[in-house]
Amino acid sequence: MEMKYRIVPNEVYDVMGLNENFNYLWNPDPVSSLIGLGSSYVLEFFEFYGQAVGDYYEEFIQKTELKDDRFPVFVTQEKRHALAHRKLNNFITKGIAAPTREKYHPRVYDFMYGTYKEFAEPILAGIAKEKAAGKGRDGMFFKESIRSVGIFESIVCMTGFTFFDNLFDNGRFEQIIQMSGNLGVLYLLGYHYTEEMEHCAISIEAFEKIYQEKLWTKELIEKHFGNMDALSRQIILSTLHIARMLGQEITVKQITESLVFQYRTQIAKKYIKEGFNATEPEILAKREALVNRWDNEWEPILLNKIKEKIAA
Ligand SMILES: [Fe+2]
Ligand SMILES: [Fe+2]
């Protein structure tokens, strides 16, 4: 699948209303709206983590016969996503919870600090140590980093399906854009998940190519779906924090029982089987169809609607 660098038009930020009139209800459902905003922070955090891993990939893999020129394009898409989310993320947390620069990550929010310390720091510090000892792709931590990016991308792929299936596809698009209280946030997420659709197989394939083994083994599936996965837990935490900053009441139960959570878990269990790499014919066709519809149908209508709103 060809990957593109889409530009988020300025009108999207104009209509987002990052001021005292900000309306967090980009989705008609308040719980889904808050989960979407919580996810905005989780995505940004992992995009920076992916960039750090991408730098090592460049060093350890791109100079070898295992190189894959799609990988840097994937990392660049992620870099652009983090930038695109930054204005929104800064706005919500402004004056309440500024992110800090940590040794291995440039923007860690307080409510992401646990994930940074438990997950990102050990892996990135581990790679640095292995590199100093002369190791490259044979290092245990580097392998773990590529695996972690592959897992993340697989789950984001399922989140993208959840987003499009429930908001844009199945005849819902017209209704959602009529009911959305923030077309800017809706656009930002649509743009983001479209590019996620384009690149979600790249890091999984990279893992398989480098290590000649499947990423999604039986053991990983059991570990991942046995308890609530780390990513879902982080989305719950971020959603709770963002809700509090926006002065909204929400419970953990409301989050875990939401349509978004339930749907994503259900399709993840359906599609992520042993050997999953997001290029299975059904998955590939679905990804391609969603990207095409965003570019040719949904995006132009949504942008037009945004322009109308600004003009009014
Ligand atoms: Fe992304
Ligand atoms: Fe991604």
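So which pairs qualify, if the first residue must be in the range 301-312 and surrounded by 12 or more Cβ atoms within 10 Å (Cβ to Cβ), the second must be outside any helix (DSSP H, G or I), the Cβ gap must be under 9 Å, and the two must be at least 6 apart or on different chains?
Between residues of the range 301-312 that are surrounded by 12 or more Cβ atoms within 10 Å (Cβ to Cβ) and residues that are outside any helix (DSSP H, G or I), the close pairs are Leu303/Pro9; Ile306/Pro9; Lys307/Pro9.
Please go through the range 49-64 and pick out each residue that is of a type in the set (A, V, I, L, M, F, W, C) and either within 16 Å of ligand 2 (Cβ to nearest atom) or not in a helix (DSSP H, G or I) (or both). So that I can check it myself, show each step before the final result.
Let us first name the residues in the range 49-64 that are of a type in the set (A, V, I, L, M, F, W, C), namely 52-53, 60-61.
Selection gives Ala52, Val53, Ile61.
Quick check on the range 1-36: of everything there that is at pLDDT below 95 and acidic (Asp, Glu), which residue is surrounded by the fewest Cβ atoms within 10 Å (Cβ to Cβ)?
Looking at residues that are at pLDDT below 95 and acidic (Asp, Glu), I get Glu20.
Is it the case, given these coordinates, that Tyr191 is in contact with a helix residue (DSSP H, G or I) (Cβ under 6 Å, 6 or more places away or on another chain), within 16 Å of ligand 1 (Cβ to nearest atom), part of a helix (DSSP H, G or I) and not hydrophobic (A, V, I, L, M, F, W, C)? Lay out the reasoning, then the answer.
Numbers: in contact with a helix residue (DSSP H, G or I) (Cβ under 6 Å, 6 or more places away or on another chain): no; within 16 Å of ligand 1 (Cβ to nearest atom): yes; part of a helix (DSSP H, G or I): yes; not hydrophobic (A, V, I, L, M, F, W, C): yes.
No; evaluated as a whole, the condition is false for this residue.
So, in the range 249-258, how many residues would count as being assigned to a loop (DSSP other than H, G, I, E, B) and either among the charged types (D, E, K, R) or in contact (Cβ under 8 Å) with a residue 60 or more places away in the chain (or both)? Before the answer, list the steps.
Taking the range 249-258 first, the residues assigned to a loop (DSSP other than H, G, I, E, B) are 249-251, 257-258.
From what is left, the residues that are either among the charged types (D, E, K, R) or in contact (Cβ under 8 Å) with a residue 60 or more places away in the chain (or both) are 249-250, 257-258.
Number of matching residues: 4.
Would you tally the residues in the range 65-89 being surrounded by fewer than 19 Cβ atoms within 10 Å (Cβ to Cβ) and either among the acidic types (Asp, Glu) or within 12 Å of ligand 2 (Cβ to nearest atom) (or both)? Spell out the reasoning first.
First pass over the range 65-89, keeping only residues surrounded by fewer than 19 Cβ atoms within 10 Å (Cβ to Cβ): 65-70, 72-73, 76, 79-80, 83, 86-87.
From what's left, either among the acidic types (Asp, Glu) or within 12 Å of ligand 2 (Cβ to nearest atom) (or both): 65, 68-69, 73, 76, 79-80.
Count: 7.
Results for (1) among the small types (Gly, Ala, Ser); (2) within 14 Å of ligand 1 (Cβ to nearest atom), shown as yes or no for each residue.
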position	(1), (2)
Val15	no, no
Pro30	no, no
Leu37	no, no
Phe45	no, yes
Gly50	yes, yes
Phe60	no, no
Phe71	no, no
Leu83	no, yes
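Output the residues belonging to the range 197-233 that are touching a residue at least 60 places away in the same chain (Cβ under 8 Å) and part of a loop (DSSP other than H, G, I, E, B).
Cys200, Ala201, Lys214, Leu215, Trp216, Asp229, listed by residue number.
Yes/no matrix, rows are residues, columns are (1) of a type in the set (Val, Ile, Thr); (2) within 29 Å of Asn19 (Cα to Cα); (3) without any contact (Cβ under 8 Å) to a residue 24 or more places away in the chain:
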position: Val260; (1), (2), (3): yes, yes, no
position: Tyr263; (1), (2), (3): no, no, no
position: Phe276; (1), (2), (3): no, no, no
position: Val291; (1), (2), (3): yes, no, no
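Taking Ala84, is it free of Cβ contacts under 8 Å to residues at least 40 places away in the same chain and not acidic (Asp, Glu)? Even if it seems obvious, please write down each step before you answer.
On the way: free of Cβ contacts under 8 Å to residues at least 40 places away in the same chain: no; not acidic (Asp, Glu): yes.
No.
Just one of the numbered conditions (1) part of a helix (DSSP H, G or I); (2) small (Gly, Ala, Ser); (3) at pLDDT below 95 is not true of Ser39; which one?
(3)
Looking at Gly126, Gly38, Gly95, which is the one that is under 30 Å from Gln262 (Cβ atoms) and more than 16 Å from ligand 2 (Cβ to nearest atom)? Steps first, answer last, please.
On the way: Gly126 fails: under 30 Å from Gln262 (Cβ atoms); Gly95 fails: under 30 Å from Gln262 (Cβ atoms).
Every option except Gly38 fails the conditions.
Counting just the residues of the range 186-195 that are farther than 18 Å from Gly38 by Cβ and more than 9 Å from ligand 2 (Cβ to nearest atom), which one comes out surrounded by the fewest Cβ atoms within 10 Å (Cβ to Cβ)? Break it down stepwise before answering.
We begin by selecting, within the range 186-195, every residue farther than 18 Å from Gly38 by Cβ; these are 187, 191, 194-195.
From what is left, the residues that are more than 9 Å from ligand 2 (Cβ to nearest atom) are 187, 191, 194.
Working: Tyr187: 26, Tyr191: 21, Thr194: 23.
Going through the qualifying residues, I end up with Tyr191.
Matching residues to (1) crowded, with 20+ Cβ neighbours inside 10 Å; (2) in contact with a helix residue (DSSP H, G or I) (Cβ under 7 Å, 6 or more places away or on another chain); (3) at negative phi; (4) not aliphatic (A, V, I, L, M):
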| site | (1), (2), (3), (4) |
| --- | --- |
| Met197 | yes, yes, yes, no |
| Ile204 | yes, yes, yes, no |
| Thr239 | yes, yes, yes, yes |
| Ile242 | yes, yes, yes, no |
| Thr265 | no, no, yes, yes |
| Leu284 | no, no, yes, no |
| Ala289 | no, no, yes, no |
| Asn292 | no, no, yes, yes |
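The values are calculated or read from the model by the stated rules, or taken from the named source; none is laboratory data. Just so it is clear, the structure is predicted and the values come from calculations on it, not from any experiment. Here Cβ is always computed from backbone atoms with ideal geometry, including for glycine, and neighbour counts include all displayed protein chains.
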